[in-house]
Amino acid sequence: MHETSVKYLPAHLEHRFATIFGEEVQFERPLAASGMGARVVGIDLSNPLRSAQVELLLDTLSHSRLLTIAGQDLERFSLETFERFANHWGAPVAHPSNFLRGGKPAQQDGASDGAIEYQPYAHRRVAAADTVLPGQVACLPHESPAVLVATNLLGQDDRKEFRLKDGGTWHTDIEYEQLPIYVSMFLAHHVPVARDAPNGQWVEPPAESGSAPYFPGSDDELMALRKRLPLNGETAFADTAAAFTALPSKEQAKLEATQVRRRLNAEDEGWLAPLVRMDPRSGVKSLHSPVWASRPGVRPPIEVENMTPGESRDFLDDLEKHVLQPEFRYDHMHAPGDVTIWNNYMSVHTSPPIKIGVNRAEDARLLYRLSCKGAPSLVLPRDDDPTWITDHIAGGYRSPASIISTAN
């Protein structure tokens, strides 16, 4: 049952696209050998969605783990429209890069219950992106603290010389809170098209840097898998549903019974969370963030219940090594106007090596990310309980009514 659920989209879902969205819609799946990924062409997200359309997209993601709705017209598809669309998938959350917690950047250690202070766009470091290639590349206008700008366009003070930045670390988004992120999504604005590195790609593989940015101590095989990243600006994903399905049934049962302790800060007591989750729509089981230390130096490593810290690391390093095998990997190439959504319970991902200090548009990488928590909503506005918002959304953020009202 799991094999079929993971690798093959039920035929009735694919057939529903023509009925619900129109005969002109083109559908491609899978995008990866593991069964991950679906791509739909011919859906205009500038228009409000009907409930049947939302439900079909939700069902497709529940089986595919990643879904691209291609070709949005960026002359009409604003970041407000993007956030309106995101409200169907869950309650949008303010990204930690866009606020202070207890007077400190929220991406640093700080009081778990510290006061949240949203930063205006002009005060965010990424606002400098608009000054790098004037008249060629600039962010779409927005003020929302839920919009994360992911870019290699840095301000003049950060552009002293060209360099190659290593990729990030494998993770799921904001898994260290009691209610983790359900989905995240990118809207691609600019992607690097230069292919002038000696290897014919955008960049050369980064020079050997030892264990960085990871903690030292992992074996060579795991480190090599972690650092085998795409070289043309793609986002790298690993399919944790397919990885779970590939395990022997006894191992699956053991993992389903495993709880891990996650913390925002090292001194926090933290809480126990399941290592395996089941998608409520598809019934597909997957590993949720099976990574010992996804943010070295920023968030504390996790501990497996009834294991010492050392045992926890060994256990989770072995699991991460399994998940990062080539048969579960997918490097997603972005295209301008694409909205790509991924299920954080069913995948891990990381950013690629990128050029820093660029001075031409063909090297620009500019994407916008939104992340959502909680239950999807077929209709807007959402009907989230205010207490639930207070308990689970940093600063009690809600999308402004001016955004949601355009859905009707």
What residue, of ASP44, ASP59, ASP113, ASP73, is free of Cβ contacts under 8 Å to residues at least 60 places away in the same chain and either over 27 Å from ASP268 (Cβ atoms) or in contact with a helix residue (DSSP H, G or I) (Cβ under 9 Å, 6 or more places away or on another chain) (or both)? ASP44
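Taking the range 336-364, which residues are out of contact with any Gly (no Cβ under 8 Å at 6 or more places or on another chain) and hydrophobic (A, V, I, L, M, F, W, C)? Break it down into steps so the answer makes sense when it comes.
Within the range 336-364, the subset out of contact with any Gly (no Cβ under 8 Å at 6 or more places or on another chain) is 336, 339-349, 355-364.
VAL339, ILE341, TRP342, MET346, VAL348, ILE356, VAL358, ALA361, ALA364, listed by residue number.
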From the list PHE315, PHE328, pick out the single residue that is surrounded by 21 or more Cβ atoms within 10 Å (Cβ to Cβ), at negative phi and either more than 16 Å from the chain's Cα centre (by Cα) or modelled with pLDDT under 95 (or both). PHE328
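Taking the condition of being touching a Lys or Arg at 6+ places or on another chain (Cβ under 7 Å) and more than 28 Å from VAL132 (Cβ to Cβ), how many residues in the range 343-379 meet it? Outline the logic, then answer.
Kept after step one, since they are touching a Lys or Arg at 6+ places or on another chain (Cβ under 7 Å), are these residues of the range 343-379: 343, 345-347, 353-354, 356-357, 363.
Among the residues that remain, those that are also more than 28 Å from VAL132 (Cβ to Cβ) are: 343, 345-347.
Residues in the range 343-379 being touching a Lys or Arg at 6+ places or on another chain (Cβ under 7 Å) and more than 28 Å from VAL132 (Cβ to Cβ): 4 in total.
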Name the residue, out of LEU255, LEU264, LEU187, that is over 30 Å from GLY395 (Cβ atoms) and either touching a strand residue (DSSP E or B) at 6+ places or on another chain (Cβ under 6 Å) or touching a residue at least 60 places away in the same chain (Cβ under 8 Å) (or both). LEU255
Could you run through the range 128-157 and say how many residues are within 17 Å of the chain's Cα centre (by Cα) and of a type in the set (A, V, I, L, M, F, W, C)? 5
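This table checks each residue for (1) exposed (fewer than 15 other Cβ atoms within 10 Å of the Cβ); (2) of a type outside the set (Ser, Thr, Tyr); (3) modelled with pLDDT of 95 or more; (4) farther than 27 Å from ARG299 by Cα.
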position: ALA194; (1), (2), (3), (4): no, yes, yes, yes
position: GLU208; (1), (2), (3), (4): yes, yes, no, no
position: ALA212; (1), (2), (3), (4): yes, yes, no, no
position: LEU225; (1), (2), (3), (4): no, yes, yes, no
Sort through ARG281, ARG299, ARG295 and tell me the only one that's basic (Lys, Arg), touching an Asp or Glu at 6+ places or on another chain (Cβ under 9 Å), in a loop (DSSP other than H, G, I, E, B) and more than 25 Å from ALA375 (Cα to Cα). ARG299
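Hey, among ASN152, ASN98, which residue is more than 25 Å from ILE393 (Cβ to Cβ) and in contact (Cβ under 8 Å) with a residue 24 or more places away in the chain?
Values: ASN98 fails: more than 25 Å from ILE393 (Cβ to Cβ).
Among ASN152, ASN98, only ASN152 is more than 25 Å from ILE393 (Cβ to Cβ) and in contact (Cβ under 8 Å) with a residue 24 or more places away in the chain.
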Residues being more than 25 Å from ILE174 (Cβ to Cβ) and buried (at least 18 other Cβ atoms within 10 Å of the Cβ) - total across the range 358-408: 3
Within the range 39-59, identify whether any single residue is hydroxyl-bearing (Ser, Thr, Tyr) and within 23 Å of PHE237 (Cα to Cα), and answer yes or no. no
I'd like the full set of residues that are surrounded by fewer than 18 Cβ atoms within 10 Å (Cβ to Cβ), among the small types (Gly, Ala, Ser) and more than 29 Å from LEU13 (Cα to Cα), limited to the range 252-288. ALA253, ALA257, ALA266
Quick one: how many residues across the range 50-64 are more than 23 Å from the chain's Cα centre (by Cα) and not polar (S, T, N, Q)? 2
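A quick yes/no check of all residues on (1) among the small types (Gly, Ala, Ser); (2) at positive phi:
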residue	(1), (2)
ILE181	no, no
ALA207	yes, no
ALA212	yes, no
GLY217	yes, yes
GLU221	no, no
ALA224	yes, no
PRO230	no, no
GLU269	no, no
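Name the one entry in THR240, THR308 that is among the hydroxyl-bearing types (Ser, Thr, Tyr), out of contact with any Cys (no Cβ under 9 Å at 6 or more places or on another chain) and touching a residue at least 40 places away in the same chain (Cβ under 8 Å). Reasoning before the result, please.
On the way: THR308 fails: touching a residue at least 40 places away in the same chain (Cβ under 8 Å).
None of the other options fit; the residue is THR240.
Being among the β-branched types (Val, Ile, Thr) and in contact with a Pro (Cβ under 9 Å, 6 or more places away or on another chain) is the filter; apply it to the range 327-375 and report the residue that is nearest to MET36 (Cα to Cα). Break it down into steps so the answer makes sense when it comes.
The first filter runs over the range 327-375 and keeps only residues among the β-branched types (Val, Ile, Thr), leaving 339-341, 348, 350, 354, 356, 358.
Filter again for in contact with a Pro (Cβ under 9 Å, 6 or more places away or on another chain), leaving 348, 354, 358.
Working: VAL348: 12, ILE354: 25, VAL358: 33 Å.
Here the residue is VAL348.
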If you go through the range 119-141 one residue at a time, do you hit one that is surrounded by 15 or more Cβ atoms within 10 Å (Cβ to Cβ), assigned to a strand (DSSP E or B) and touching a strand residue (DSSP E or B) at 6+ places or on another chain (Cβ under 9 Å)? no
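The values are calculated or read from the model by the stated rules, or taken from the named source; none is laboratory data. Keep in mind that what you see is a predicted model, and the values were worked out from it rather than measured. For neighbour counting, all protein chains shown are included, and Cβ atoms are generated from backbone atoms with ideal geometry for every residue, glycine included.
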